[in-house]
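All of the numbers you see were taken from the coordinates with simple rules; none came from a lab. All figures in this text were calculated on a predicted structure; none of them were measured in a lab. Please note: Cβ atoms are built from the backbone with ideal geometry, for glycine as well, and neighbour counts cover all protein chains shown.
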Amino acid sequence: MDMYESLYSPTCVLNEQIARQIFEILPEQGPVMVIMDRDGNRWPSDSENFSKLNLDESFLDELCAKIDDGAEPLVTQVNDFSIIAAQLATEQTNCGYVIIALPQYSPESALINIDLIEILLNQISLIAKLVEKNTLLYELQLKQFSSYGQDAGVLN
């Protein structure tokens, strides 16, 4: 297997685009957010704070397995962070997962605000869908331009 294959897969490219759009609007001292694909590739909003969470592979695998079983949004506690995790998917692509770490939140306070958290998760999903549609439209436009270029060459 080519070691760069996963970096250039359509899902990885889409996840990176989604992450850039979402992380750009996060407040500086706000939650730590991670987009994670199904292969375990991660795009954290704040690498330093994400590493402080010390989320090991088995914990992340367990989160993903529970989400795949339909338990979402999943709310749990790690140190002084509440962790909220859910699936991230568009109409055409299963992008993987979104994980939100809320500093100094207990699971109880996260559950009290679950409606707001679900709104946030839905907005993230909407951003993913819009990024995917934009990419598809751009690719279609490029195909159209290339077919026009080929047609002009035939006329000459």
| remark: FRET efficiency (Ile112, Glu62; Cβ distance; R0 25 Å; to 0.05) is 0.55
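Counting other Cβ atoms within 10 Å, keep those with at most 15, restrict to DSSP loop, and tell me which chymotrypsin sites (Phe, Trp or Tyr not before Pro) in segment 2-98 are left.
On the way: sites: Tyr4, Tyr8, Phe23, Phe50, Phe59, Phe81, Tyr97; in loops: Tyr4.
Qualifying residues, ordered by number: Tyr4.
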| message | Using amide H atoms built in the peptide plane, which far-off residues or other-chain residues are under 5 Å from Gln77 H to H? | response | Ile83
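How large is the helix-only mean residue ellipticity at 222 nm for the chain, computed as the sum of -39500 (n - 2.57) over DSSP H runs with n ≥ 4, divided by its residue count, in deg cm²/dmol to the nearest 500?
Working: 5 runs with 80 residues, N = 156.
Counting only the DSSP helices, I get -17000 deg cm²/dmol.
Please identify the helices of the chain, taking whole runs of DSSP H, that span at least 30 Å along their own axis as judged from the Cα atoms and have a mean Kyte-Doolittle score of 0.0 or higher.
Values: long enough: 114-155 (61 Å, 0.44).
Within the chain the helices that satisfy the rule are 114-155.
Can you tell me the dipole magnitude for the chain around its Cα centre, using point charges on the Cβ only (Lys, Arg +1; Asp, Glu -1), in Debye to the nearest 20?
Numbers: 8 positive and 24 negative charges, 95 e Å.
Taking the Cα centre of the chain as origin, the dipole is about 460 debye.
Report the longest stretch of the chain that contains none of the GluC sites (Glu not before Pro) sitting in a DSSP loop with at most 12 other Cβ atoms within 10 Å. Before the final figure, lay out the partial values.
Numbers: sites that count: Glu5, Glu24, Glu28, Glu91.
Answer from the scan: 92-156.
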| request: Would you pull out the residues with amide H under 5 Å of Gly96's amide H, same chain only if 5 or more places away, H placed 1.01 Å from N? | output: Leu88
| remark: Straight-line reach check, Lys52, cutoff 17 Å on alpha carbons, 8 or more apart in-chain or any other chain, hits among aspartates and glutamates -> Glu28, Asp80
